[in-house]
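Structure record follows, encoded as structure tokens.
No value in this document is a laboratory result; all are computed from the given coordinates. None of the values given here were measured: they were computed from a predicted structure. Don't worry about glycine lacking a Cβ; one is built from the backbone with ideal geometry, like all the others, and counts go over all protein chains shown.
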Amino acid sequence: MADKYTEEALRLAGMLKTLAKSKRRSIRSIEQQMGVGTSIFHKVLKGDVTLHVRHVLMIADALEIDWAEFFHIAYPRASAASAGSAGSLLGDLDRALGEEPAGEEIPDAEFEAKVKRVLAHLGLLPQEEEEPEIEAARIRSA
């Protein structure tokens with residue numbers, strides 16, 4: 001039995017194959033556009049060759065699929081109910097800042113600001129590089 005990483009790589013490769021079919025693209029034409037040898041994608045699908053992130057990005061480009069869109073399809077966001085849960089990244093950020101988990105999904109800009117606040121709080125982000133909205137958020141939370 002393959003480990004969870006191999007299984008996930010095969011799932012992502014299968015998604016790319018399905019997307020290629022939906023766009024009526026042959027695997028061979030994708031391989032040519034990527035500049036890789038023929039049958040490399042078949043070997044990836046069989047698990048003979050390890051799928052690298054570079055491969056995923058190159059195939060997405062060949063299929064004219066935005067990388068963020070592909071990963072959003074592959075890993076849709078958790079529901080709002082679980083976004084701020086104890087085991088989530090947002091929950092971890094809230095705990096690092098000494099705050100209660102929000103329990104709701106936050107917009108990307110607010111998430112980025114929260115990450116920067118945590119980095120600054122941990123001393124991993126110099127204070128002078130902080131953006132004004134981060135400072136305003138810190139003042140509001142104080």
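For this structure, a couple of remarks:
- Our estimate of slack between Arg54 and Ser39, defined as 0.36 nm per intervening residue step minus the Cα-Cα distance, is 3.7 nm.
- Pairs from Lys23/Lys46; Lys23/Lys114; Lys17/Lys116; Lys21/Lys46 whose Cα-Cα separation, in the structure shown, is over 27 Å: Lys23/Lys114; Lys17/Lys116
- Taking Cα centre as origin and charging only the Cβ of basic (Lys, Arg, +1) and acidic (Asp, Glu, -1) residues, the dipole magnitude of region 4-74 rounds to 300 debye.
- Summing +1 for each Lys or Arg and -1 for each Asp or Glu among the other residues whose beta-carbon sits under 13 angstrom from that of Thr38 gives +1.
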